[in-house]
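Read through the structure below, which is laid out as structure tokens, and then see the notes.
The values are calculated or read from the model by the stated rules, or taken from the named source; none is laboratory data. All of these numbers come straight from a predicted model, not from anything done at the bench. Methodologically, a virtual Cβ is constructed for each residue, glycine included, from the backbone with ideal geometry; neighbour enumeration extends over all protein chains shown. Ligands, DNA and RNA are stripped out before the accessible areas are found, and what is left, the full protein with its side chains, is counted by its heavy atoms. Shrake-Rupley method; radii C 1.70, N 1.55, O 1.52, S 1.80 Å.
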Amino acid sequence: MGIRGRYGAWAVAPLAVVLLVATGCTSTPDAPAKAAGGRAGSGASASPDASASLHVPGAPSASPARVCDRPAAGPVRAPAGAVTVDPAVVGDLATKTENSPPNTTFWLRPGKHTLEPDPYAQVMAKEGNRYLGAPGAVLDGRKTNQYAFGGTARDVTIRYLTVERFVAPHDEGVVNHDMADGWVIEHATVQYNSGAGLMAGARQRVRASCLRDNGQYGMNAYKTGDSIRGLVVEGNEIVGNNTDDWERRRPGCGCTGGIKFWAVDGADVRGNWVHDNRGTGLWADNNNNDFRIEDNLLESNDGAALMYETSYNAVVRNNTIRRNNWVEGRAYARDGDDFPYATVYVSEAGGEPRIPARTDRIEIYGNVLENNWNGITLWENADRFCNSPANTSTGYCTLLVKDTGRCARPAIATAPLYGDCRWKTQRVDIHGNRFVLDPSVVGCTAECGRMAVFANDGTSPDWSPYKGRRVAEAITHQQQNRWHGNVYRGPWSFVAGDPGRTLDSRQWQGTPYRQDAGSDFGPRAGG
């Protein structure tokens, strides 16, 4: 990635056609095991209430969405007018769906339901269909079927059903495989599948569900044509995903974590427990806009809790974020990498008033960050812009320039393209947060406990107008990025301008940076 910042990656394949959107990410090194316990999906996580003593007025609650171990029970009897599905009949669900009209309700009896033993056998839902599982109803792919629910029909509902052991290919998904619009997934358990547990369409609602131990993602919020609008992800437990460890199998793929969002315009991600994923917890990558990420508990993910990359306009508030990035952060430090790999990582992303949203900035406030490897990093790669070889989101440009070909000499060297061809980390407002670090808990002595705002020197391509220190000066001093009114506890340090410039709190607050005005640095905080 230029100087070791991350690039996102995304690809998806509708049915048998693989659509490769090659966008790299730095590889995830061979990481050591967690310092404390195993993955929470296996019952080894720390208590979700362990940090109650850190709660301060206005801070978020640490109560998680415990839905994997405590799933809600579905109806014990078939609702009036519902078609009953028999687990003893192989393929009964797919057959009855095919033979019934749209807007039919199906009630799956208790037991293990299966499809025909064909990799492509699946339930082709019709518009308005509702699938309700009785207590103990499971749709089992038997490590044979690739997809559970597919088709382009809108407004399908799946409730109280467990979907497991399907083998979707890399970058594809098991439920809503064809990314149809208006689907509702509630009180469902989607687990032990290859690929992604869910795909997403516009107006999709995923509520109170368990997305657990899937091979790549819990959910892959990508839709062909980049038309996802109004996505809601609420009250879910998203745990243990990327069991196939794709970053090791395909170094630099940037294709792992709890949830990946790609070109989503309008998303509410609230009240979820996102924990113990191998990789990033939540990753918004490439031309996302208008996100609200609030009241979540993000903990013990191997990588960053949250990455917001080459995207726009978001509010991140009232989240509890703890014990993230221990695996990846420690591995990078062990390899001598001094990049401040963050818990909340804002990479070439910022506020843009010209793009309609509920906010015109990225505002990060009211969060508690406790005992993560690092804090918040604001980063830009000066060589990453439209039409540059370093723009690994192949074929994409910023939301301000639709025609990538316009971002070339000579026009890119002057306004407006000089600014509009580059994803800019700008208008990021970080305030009212509580940052707590105890190195004895994290198990670190160096390369942890940092906040950062910086960029690399621009070097390529030859025609780049961003060579030298231009981008570094802009992100550090000219793009309205600021910390203020925060509380620090522990030995924090600060990086500004370039990765080798480490500051204590007095230097961070002083000229020329003037960051964290009105912030409270407790004993041993910030030097």
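For the stretch 171-189, which positions are over 19 Å from the mean Cα position of the chain (by Cα) and among the hydrophobic types (A, V, I, L, M, F, W, C)?
The answer is Ala180, Trp183, Val184, Ala188.
I'd like the full set of residues that are more than 19 Å from Met219 (Cβ to Cβ), open to solvent by 30 Å² or more (accessible area, probe 1.4 Å) and among the acidic types (Asp, Glu), limited to the stretch 127-172.
Glu127
With the requirement that a residue be on the phi < 0 side of the Ramachandran plot, open to solvent by less than 40 Å² (accessible area, probe 1.4 Å) and in contact with a strand residue (DSSP E or B) (Cβ under 7 Å, 6 or more places away or on another chain), what does the stretch 465-478 give you?
Residues of the stretch 465-478 on the phi < 0 side of the Ramachandran plot: 465-467, 469-478.
Subset that is open to solvent by less than 40 Å² (accessible area, probe 1.4 Å): 465-466, 471-472, 474-476.
Within the stretch 465-478, Tyr466, Val471, Ala472, Ile475, Thr476 qualify.
Give me the residue from the stretch 203-249 that is of a type in the set (Ser, Thr, Tyr) and touching a residue at least 60 places away in the same chain (Cβ under 8 Å) and, out of that set, surrounded by the fewest Cβ atoms within 10 Å (Cβ to Cβ).
Checking each candidate, the answer is Thr224.
In the stretch 420-464, what residues are open to solvent by less than 40 Å² (accessible area, probe 1.4 Å), over 23 Å from Asn319 (Cβ atoms), in contact (Cβ under 8 Å) with a residue 40 or more places away in the chain and out of contact with any Gly (no Cβ under 7 Å at 6 or more places or on another chain)?
Arg422, Trp423, Ala455, Pro461, listed by residue number.
Could you check how many residues of the stretch 175-210 are in a strand (DSSP E or B), touching an Asp or Glu at 6+ places or on another chain (Cβ under 6 Å) and not hydrophobic (A, V, I, L, M, F, W, C)?
The total comes to 2.
Just one of Asn374, Asn313 is in a strand (DSSP E or B) and out of contact with any Leu (no Cβ under 6 Å at 6 or more places or on another chain); which is it?
Details: Asn374 fails: in a strand (DSSP E or B).
One residue alone meets the criteria, Asn313.
Give me a count of the residues in the stretch 150-174 that are in a loop (DSSP other than H, G, I, E, B), at pLDDT 95 or above and not hydrophobic (A, V, I, L, M, F, W, C).
8
Tell me yes or no: at least one residue of the stretch 417-427 is over 20 Å from Gly350 (Cβ atoms) and within 26 Å of the chain's Cα centre (by Cα).
no
Condition test on Phe494, is it open to solvent by less than 60 Å² (accessible area, probe 1.4 Å), at pLDDT 95 or above and within 23 Å of Gly336 (Cβ to Cβ)? Let's see the steps before the verdict.
Working: open to solvent by less than 60 Å² (accessible area, probe 1.4 Å): yes; at pLDDT 95 or above: yes; within 23 Å of Gly336 (Cβ to Cβ): yes.
When the stated conditions are applied, Phe494 passes them.
I need the full set of residues from the stretch 379-419 which are aliphatic (A, V, I, L, M), assigned to a helix (DSSP H, G or I), open to solvent by 40 Å² or more (accessible area, probe 1.4 Å) and in contact (Cβ under 8 Å) with a residue 40 or more places away in the chain, in order please.
Ala413
Output the residues belonging to the stretch 474-508 that are among the acidic types (Asp, Glu) and either touching a Ser or Thr at 6+ places or on another chain (Cβ under 8 Å) or free of Cβ contacts under 8 Å to residues at least 12 places away in the same chain (or both).
Selection gives Asp504 alone.
For the stretch 175-190, give me each residue that is surrounded by 24 or more Cβ atoms within 10 Å (Cβ to Cβ) and either under 22 Å from Pro135 (Cβ atoms) or not hydrophobic (A, V, I, L, M, F, W, C) (or both).
Those that are surrounded by 24 or more Cβ atoms within 10 Å (Cβ to Cβ) and either under 22 Å from Pro135 (Cβ atoms) or not hydrophobic (A, V, I, L, M, F, W, C) (or both): Val175, Asn176, His177, Ile185, Ala188, Val190.
Which members of the stretch 255-271 meet the condition of being over 12 Å from the mean Cα position of the chain (by Cα) and not in a strand (DSSP E or B)?
Ala263, Gly271
Answer yes if at least one residue in the stretch 78-89 is without any contact (Cβ under 8 Å) to a residue 12 or more places away in the chain and closer than 17 Å to Arg159 by Cβ, and no otherwise.
Scanning the stretch 78-89 turns up at least one residue that is without any contact (Cβ under 8 Å) to a residue 12 or more places away in the chain and closer than 17 Å to Arg159 by Cβ.
How many residues, within the stretch 74-127, are touching a Pro at 6+ places or on another chain (Cβ under 8 Å) and farther than 26 Å from Val167 by Cα?
So the answer is 2.
Give the stretch 216-254 a look and list any residue that's within 14 Å of Ala284 (Cβ to Cβ) and either assigned to a loop (DSSP other than H, G, I, E, B) or of a type outside the set (A, V, I, L, M, F, W, C) (or both), or say none.
Tyr217, Asn220, Tyr222, Asp226, Gly254
Could you list, ordered by first residue, the pairs with Cβ atoms under 6 Å in which the first is in the stretch 98-126 and touching a residue at least 12 places away in the same chain (Cβ under 8 Å) and the second is in a strand (DSSP E or B) and hydroxyl-bearing (Ser, Thr, Tyr), at least 6 apart or interchain?
Final answer for the pair search is Phe106/Tyr131; Trp107/Thr84.
Could you list all residues from the stretch 274-302 that are at negative phi, open to solvent by 10 Å² or more (accessible area, probe 1.4 Å) and not in a strand (DSSP E or B)?
So the first thing to find is which residues in the stretch 274-302 are at negative phi, and the list is 274-275, 277-278, 280-285, 288-289, 291-294, 296-299, 301-302.
Still in the running and open to solvent by 10 Å² or more (accessible area, probe 1.4 Å): 278, 292, 294, 302.
Those that are at negative phi, open to solvent by 10 Å² or more (accessible area, probe 1.4 Å) and not in a strand (DSSP E or B): Arg278, Asp302.
Would you say Pro340 is surrounded by fewer than 24 Cβ atoms within 10 Å (Cβ to Cβ), assigned to a loop (DSSP other than H, G, I, E, B) and not acidic (Asp, Glu)? Write out each step before concluding.
Numbers: surrounded by fewer than 24 Cβ atoms within 10 Å (Cβ to Cβ): no; assigned to a loop (DSSP other than H, G, I, E, B): yes; not acidic (Asp, Glu): yes.
No.
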